[in-house]
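Below is one structure, written out as structure tokens; comments come after it.
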Amino acid sequence: MNPDPETVDPIITESDFQKFREFFYRKTGIQFDSSKRYFVDKRLVERIAATGTGSFRGYFMLLRFQVNGDELQALTNLMTVNETYFFREEYQFQCLVGSLLPEIVARKTDRRPIRIWVMPSSSGEEPYSIAIYLLERWVGIHHWDVEIIASDIDTRILAQARQGLYSQRSVQYLPPDYLKRYFKRRAEGYQISDDLRQSVEFTRVNLSERADTRNYRDFDVIFCRNLLIYFDDVSRKTATETFYDALLPGGFICLGHSESMSRSSSLYKVRKFTNAIVYQRPLETP
Amino acid sequence: MALIKTQPTPESVTEEVRRHPRDCAGLLAQLTDPDPTVRRWAARDLADCPDISPVLVERLHQEADVSVREVIVTTLTGLGDAAAVAGLVECLRSEDAALRNEAIEAMRQLPDAVAPIMRGLLADPDPDVRIFAVNILESFCYPEVEAWLIAVIDHDPHVNVCATAVDLLGEIGTLAARESLLRLKARFANEPYIRFAADLALERLCES
Amino acid sequence: MKRILIVDDAATVRLYHREILEAANFTVEEAMNGIEGLEKTLRSPFDLYLVDINMPKLDGYGFLRELRGLDLPQAPAIMISTEAEASDARLAYAAGANLYLIKPVRPNQLLIQVRLLLGEVCP
């Protein structure tokens, strides 16, 4: 008797794996070496089942030929860690206070505030992390005003960010004294202090809408982590061109750790600092 | 000094917007403004003006600033009309490698507009244009793509055009490509690369 | 072991060059365009670069110009292209290539040139 196709995992051959790996690398910039085979296979099997495609071949054709790209997005979600929590990818905040801000203030010729744009805001962990980092780890905060604007396309998540209520899990990597200083214990978890909530401006922005982004200008630093990887090629290119005009010449963009500007735009200079690779709008246009 | 809260828009920007009228005639004038920022915003906003592709194509060839060029190409991609595509095809013949590659990327996003001229591109006398045509096919989600690629490896005399087609067949090819891949290996029997690429593609062919 | 970076947007070409070089005991990494090539170089520079010309986002000429402007010990670069015009070779050398080869490249030809440029055999 033939085994029931519903209960048997589809077989992914070495050749299938290679073919998938090259395609996924081209589309997302994420490279899996053979040591990730089990991780990749497990997720492919999961999506083959979820899509009812039955085999790697059927699934790969769906992934490859689907015009709206929904399946690629679903798979990318599975292949990347999508959690957000305080001080996630902290090395970039170290880079911000240790390298980027010193370079920015050294170049500044006026006393206007330093402007930081966080896109997407998501539920607020990232903009608040940056605020805390600046207050705790950057001596320059005594000499400079800093504006933090955090934007998202989703108004519900923005409301959540403004409220600033977080679970134990979300704050677990914060040093205990920071938790004490910037949060209030609530029955439901931890709430960001009023002072800090007042220091971040939350706005709704659709990055693909010219009318939404037109007024976002004169930023020194943009954090855009783990967003572009889910965009299709055109949206990603449009977004990075938008960021180019939102930045001051010499301004920086920080992307997520598995992301690269190599899928988006050639307009930025790749800069290596002690803690991170960061992209810079050239001081003079090439 | 401290963390302070303001609005996204500094006041200077609203003044600037007022200074530059956003109607089509005003935007056209701004396309040659000395300030690249003004040119970039003009190239973006011209997307809303009728019959604008020929002007943008012409501008593309004159524009020296790559940041403005990228925005022009993005706008042309969004428009995707016949004039935009014709302009992009001309860029494929440019001496400027960056412009060629921008055109390839834009045409990859326009399968419906490019498909009708694809046969012509694949038969172009310039082998480089034929290679670029195969590069463009990479993003097409049509069932005909495989047949086009098979025709390339069956008939194209240029080894690198065939090599580019084999690369893509390895990803999307079905058993329909098998015989042609075997023939290609025989046709370029002295090229180790073709042997390698054809064997790899044969190994990866899908049962259709 | 000497490290080589292959910068090419065609997956099959990368794999072909990788297999040739790995069989000769080189360590190989891949990038699919010039920007990714620069990112990988900035993380950890290579002993030699194999660079294609036509690639999305940043082409081979642009990659070489940027590479030559980096504050790093300079390593040899071979430009490998489908373009057989003398003008392409001139552009490649002007951008900072040490050698210009035309695709498709034969395994022995590639290995000899790589070893020459790395100073592993005498010319």
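Summary of values
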read-out	value
Any hit, segment A:253-270, residues being on the phi > 0 side of the Ramachandran plot and assigned by TED's automatic domain parsing to the domain that holds A:Leu96	no
Test: residue in segment B:53-64 that is within 14 Å of another protein chain (Cβ to nearest Cβ) and either assigned to a loop (DSSP other than H, G, I, E, B) or open to solvent by less than 40 Å² (accessible area, probe 1.4 Å) (or both)	yes
Residue match in segment A:98-109 (condition: among the basic types (Lys, Arg) and either more than 20 Å from the chain's Cα centre (by Cα) or farther than 23 Å from A:Gly164 by Cα (or both))	yes
Tally, over segment A:251-286, of residues that are surrounded by fewer than 20 Cβ atoms within 10 Å (Cβ to Cβ) and more than 20 Å from B:Val71 (Cβ to Cβ)	8
Options B:Ala98, B:Ala82; residue that is within 14 Å of chain C (Cβ to nearest Cβ) and small (Gly, Ala, Ser)	B:Ala98
Among the candidates B:Glu146, B:Glu171, B:Glu105, residue that is open to solvent by less than 50 Å² (accessible area, probe 1.4 Å), assigned to a helix (DSSP H, G or I), closer than 28 Å to A:Glu14 by Cβ and within 14 Å of chain C (Cβ to nearest Cβ)	B:Glu171
Residue match in segment C:56-66 (condition: over 20 Å from C:Lys2 (Cβ atoms) and hydrophobic (A, V, I, L, M, F, W, C))	yes
Subset of segment A:117-154 (residues that are outside any helix (DSSP H, G or I), more than 10 Å from chain B (Cβ to nearest Cβ), among the β-branched types (Val, Ile, Thr) and more than 23 Å from A:Tyr230 (Cβ to Cβ))	none
Residues located in segment B:189-201, provided they are more than 9 Å from every other protein chain (Cβ to nearest Cβ) and buried (at least 19 other Cβ atoms within 10 Å of the Cβ)	B:Ala198
Cβ pairs under 7 Å, 6+ apart, first in segment A:38-65 and within 17 Å of B:Thr174 (Cα to Cα) and assigned by TED's automatic domain parsing to the domain that holds A:Ser15, second of a type in the set (Asp, Glu) and open to solvent by 30 Å² or more (accessible area, probe 1.4 Å)	A:Arg57/B:Glu207
Unmet requirement for A:Pro249, which otherwise passes all of (1) assigned to a strand (DSSP E or B); (2) in contact with a strand residue (DSSP E or B) (Cβ under 8 Å, 6 or more places away or on another chain)	(2)
All positions within segment A:192-212 that are more than 9 Å from every other protein chain (Cβ to nearest Cβ) and buried (at least 17 other Cβ atoms within 10 Å of the Cβ)	A:Ile192, A:Arg197, A:Phe202, A:Leu207, A:Asp212
The one condition in (1) under 30 Å from C:Leu64 (Cα atoms); (2) surrounded by 19 or more Cβ atoms within 10 Å (Cβ to Cβ); (3) within 12 Å of chain B (Cβ to nearest Cβ) that A:Cys224 fails to fulfil	(3)
Qualifying residue in segment B:120-132 (condition: modelled with pLDDT of 95 or more, part of a helix (DSSP H, G or I), farther than 21 Å from C:Thr12 by Cα and open to solvent by less than 30 Å² (accessible area, probe 1.4 Å))	yes
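The values are calculated or read from the model by the stated rules, or taken from the named source; none is laboratory data. It should be emphasised that the depicted structure is a prediction, and the values quoted were computed from it without experimental measurement. Cβ atoms come from the backbone with ideal geometry, glycine included; neighbour counts cover every protein chain shown. These area figures cover heavy atoms from the full protein model, side chains too; ligands, DNA and RNA do not enter into them. Shrake-Rupley method; radii C 1.70, N 1.55, O 1.52, S 1.80 Å.
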